[in-house]
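Right, one structure below, let's go through it.
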Amino acid sequence: LGRAIDTLPVLQRHELRLALKKLRYAADFFAGLFPHKAAKAGIAALAALQDDLGGFNDAASTAAILDAAVAATPEKSRGPVERAALFLKGWASLRADLAWEHARQSWHAFAGKKPFWR
């Protein structure tokens, strides 16, 4: 999934985050078998990448949450809630774009290094 990160669709971005989460847990478990400094740096890179992808996922999920909030608002008082939701969706979209760009950069930095477990 990571090899195609520059063109990865949104659903696969979530799959990449989950796959990296599993890799990080495995790396944590086996870290004691490898040189401490290398393992620590590798796990830190995985953690940073996982955080970046989590930030993207959180921002990308905001629209669905806001839509549910608008739908749950009584129709007579929905106007202000819809305007606030629209504003927040714009903010979340920008945040998702920035988080994704940071995640892509983190991926390229991570992928360019030799894994500590080799």
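The values are calculated or read from the model by the stated rules, or taken from the named source; none is laboratory data. Note that this is a predicted model, so its numbers are computed, not measured. With ideal geometry, Cβ positions are generated from the backbone for all residues, glycine too; neighbour counts draw on all protein chains shown. All accessible areas refer to the heavy atoms of the entire protein, side chains included, with ligands and DNA or RNA removed. Shrake-Rupley method; radii C 1.70, N 1.55, O 1.52, S 1.80 Å.
Out of all the residues in region 58-68, is one or more open to solvent by less than 70 Å² (accessible area, probe 1.4 Å) and more than 21 Å from Leu18 (Cβ to Cβ)? So far as region 58-68 goes, yes, one or more of its residues are open to solvent by less than 70 Å² (accessible area, probe 1.4 Å) and more than 21 Å from Leu18 (Cβ to Cβ). If only residues of region 1-25 that are small (Gly, Ala, Ser) and touching a residue at least 12 places away in the same chain (Cβ under 8 Å) are counted, the one that is most open to solvent (accessible area, probe 1.4 Å) is Ala19.
Suppose we keep only residues that are in contact with a helix residue (DSSP H, G or I) (Cβ under 7 Å, 6 or more places away or on another chain), free of Cβ contacts under 8 Å to residues at least 60 places away in the same chain and basic (Lys, Arg) within region 87-118. Which one would you say is least open to solvent (accessible area, probe 1.4 Å)? Applying the filter and picking the extreme gives Lys89.
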